[in-house]
Amino acid sequence: MLIENIKKLIPGIFLALIFSLICQLINITISIKIFGTTKSPISTVLIAILLGIFVGNIWKIKPIFLSGLKFSQSYILKLGVILLGIRLSFEELFKFGSVAIPLVLVCIFAVLLFVKLIIKKLNISSNMAYLIAIGTGVCGATAIVATAPVIKAKKTEIAYSIANITLFGVIAMLTYPYFANYFFNGNELKAGLFLGTSIHETAQVAGAGLIYAEQFNSPKTMDIATITKLVRNVSMIIVIPTISYMYLRNNIGENNSKPSIISMFPIFIIGFILMGLIRSIGDYGIQNSNLAFEILTNNNWQLIINIIKSIAEYSLAIAMAAVGISTNLVSLKSLGIRPFYVGFSAACCVGIVSYIGIIVLNNFI
């Protein structure tokens, strides 16, 4: 029976895998040919969704692929989120966190509160609002795909939300470096904090930092922006369980039952945290004895980290390709233009709050 179930999953997973590989090639082409960088500011996740939607709506997907696509959207997605934890280094977080953490928390809280208020004026689903808010406030597509299973978001809502925050994130990546230099008079620390807190995706923050470094001869700004973005990534540990609690509390009336503590906390986030701890312990060993876990040299440890990162990225690309292939454009169109108003407003909100926060913290940085 188990073997039969596995056989049913293989075609759909394989289809999503092929899509993810194609999307990775597209991503590499964009980064090298268009932007001239090693990493594209347009994530593979977005490309996977868009290409999946395109193919899935031109050709009808045969039933043989459906089980594997559904499996990819759920379990491979969660695997990818867990493995993403290897990117976290709590030592780096604590080294710079005294300044970045308060600013990041204020920005996240402001965006969540702002979106909660604005959706009262616009008729969009609370799921869509949660996804846009957490994608804007925390870490773009990664936060969206990590939150989606927690609030039981529809695949159309996931696709729309990722397209939303990617659009405004790319615009911010291209314009904010110049705003940061102008508003902060070339102050590297303030500019780095602003770029790290106001731009959505990690790749976009790195891209903005690179633009700033090249235009204004300030490589330190890129480092500060990247570490600040790391602080935002780590905040998923707190924000996603909080969103889970808010969602389940608001939906108690639908099933007339009080949610359990376990149901409020997304279990796969524990895996995400554990991967971060593994990374931190390994890094600590390298710094103190040049051996991670007393057996791995620095080169071997970095190789393992990079392999896990790649698996995580491919897992998310596979999951999002499955989401795209399964998404019907008619249902996507039915969501309307209003979520983009929310995304634009949320992007403006986090930028303004970041700027004001840095001005307020001026005496401490």
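The values are calculated or read from the model by the stated rules, or taken from the named source; none is laboratory data. Every value quoted in this text rests on a predicted model; they were computed, and no experiment measured them. Every residue, glycine among them, receives a Cβ derived from its backbone with ideal geometry; neighbour counts consider all protein chains shown. Just the protein is used for accessible areas: all its heavy atoms, side chains included, with ligands, DNA and RNA removed. Shrake-Rupley method; radii C 1.70, N 1.55, O 1.52, S 1.80 Å.
Which ranges mark the helices (runs of 4 or more DSSP H) fully within the stretch 75-194 that have 2 or more residues being under 30 Å from residue 324 (Cα atoms) and open to solvent by 20 Å² or more (accessible area, probe 1.4 Å)?
Numbers: elements: 77-84, 90-118, 126-134, 140-147, 155-183.
Of the helices (runs of 4 or more DSSP H) lying wholly inside the stretch 75-194, those with at least 2 residues that are under 30 Å from residue 324 (Cα atoms) and open to solvent by 20 Å² or more (accessible area, probe 1.4 Å) span 77-84, 90-118, 126-134, 155-183.
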Of all residues making up the stretch 195-209, the number that are touching a residue at least 60 places away in the same chain (Cβ under 8 Å), open to solvent by less than 10 Å² (accessible area, probe 1.4 Å), part of a helix (DSSP H, G or I) and farther than 19 Å from residue 362 by Cα = 1
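Per-residue answers, yes or no, for (1) closer than 30 Å to residue 64 by Cβ; (2) part of a loop (DSSP other than H, G, I, E, B); (3) open to solvent by 20 Å² or more (accessible area, probe 1.4 Å):
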| position | (1), (2), (3) |
| --- | --- |
| 294 | no, yes, yes |
| 299 | no, no, yes |
| 305 | no, no, no |
| 309 | no, no, yes |
| 313 | yes, no, yes |
| 322 | yes, no, no |
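One line per residue, one yes/no per condition, for (1) of a type in the set (Phe, Trp, Tyr); (2) under 26 Å from residue 173 (Cβ atoms); (3) modelled with pLDDT of 75 or more; (4) not in a loop (DSSP other than H, G, I, E, B):
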| site | (1), (2), (3), (4) |
| --- | --- |
| 9 | no, no, yes, yes |
| 14 | yes, no, yes, yes |
| 18 | no, no, yes, yes |
| 22 | no, yes, yes, yes |
| 28 | no, yes, yes, yes |
| 31 | no, yes, no, yes |
| 34 | no, yes, no, yes |
Can we say residue 226 is closer than 16 Å to residue 143 by Cα, modelled with pLDDT under 80 and β-branched (Val, Ile, Thr)?
-> no
Taking the stretch 211-225 on its own, how many of its residues are within 25 Å of residue 108 (Cα to Cα), surrounded by fewer than 18 Cβ atoms within 10 Å (Cβ to Cβ) and touching a helix residue (DSSP H, G or I) at 6+ places or on another chain (Cβ under 6 Å)?
-> 1
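Working only within the stretch 55-66, note down all residues that are assigned to a helix (DSSP H, G or I), touching a residue at least 40 places away in the same chain (Cβ under 8 Å) and under 17 Å from residue 328 (Cα atoms). Can you show your working first?
Just the residues of the stretch 55-66 that are assigned to a helix (DSSP H, G or I), to begin with: 55-58, 63-66.
Remaining after also requiring touching a residue at least 40 places away in the same chain (Cβ under 8 Å): 55-57, 64-66.
Within the stretch 55-66, 55, 56, 57, 65, 66 meet the criteria.
Taking the stretch 270-285 on its own, how many of its residues are without any contact (Cβ under 8 Å) to a residue 40 or more places away in the chain and closer than 21 Å to residue 240 by Cα? I'd like the intermediate steps shown before the answer.
Step one: list which residues in the stretch 270-285 are without any contact (Cβ under 8 Å) to a residue 40 or more places away in the chain, which gives 270, 281-282, 285.
If we keep only those that are closer than 21 Å to residue 240 by Cα as well, we get 270.
Qualifying residue count for the region: 1.
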Restricting the first residue to the stretch 84-97 and requiring it to be among the polar types (S, T, N, Q), which pairs with a second residue that is at pLDDT 70 or above and open to solvent by less than 70 Å² (accessible area, probe 1.4 Å) meet a Cβ separation below 9 Å and a spacing of at least six or different chains?
-> 89/230; 89/276; 89/279; 89/280; 89/283
Subset of the stretch 11-29 (residues that are closer than 20 Å to residue 66 by Cα, touching a Ser or Thr at 6+ places or on another chain (Cβ under 8 Å) and buried (at least 23 other Cβ atoms within 10 Å of the Cβ)) = 12, 16, 20
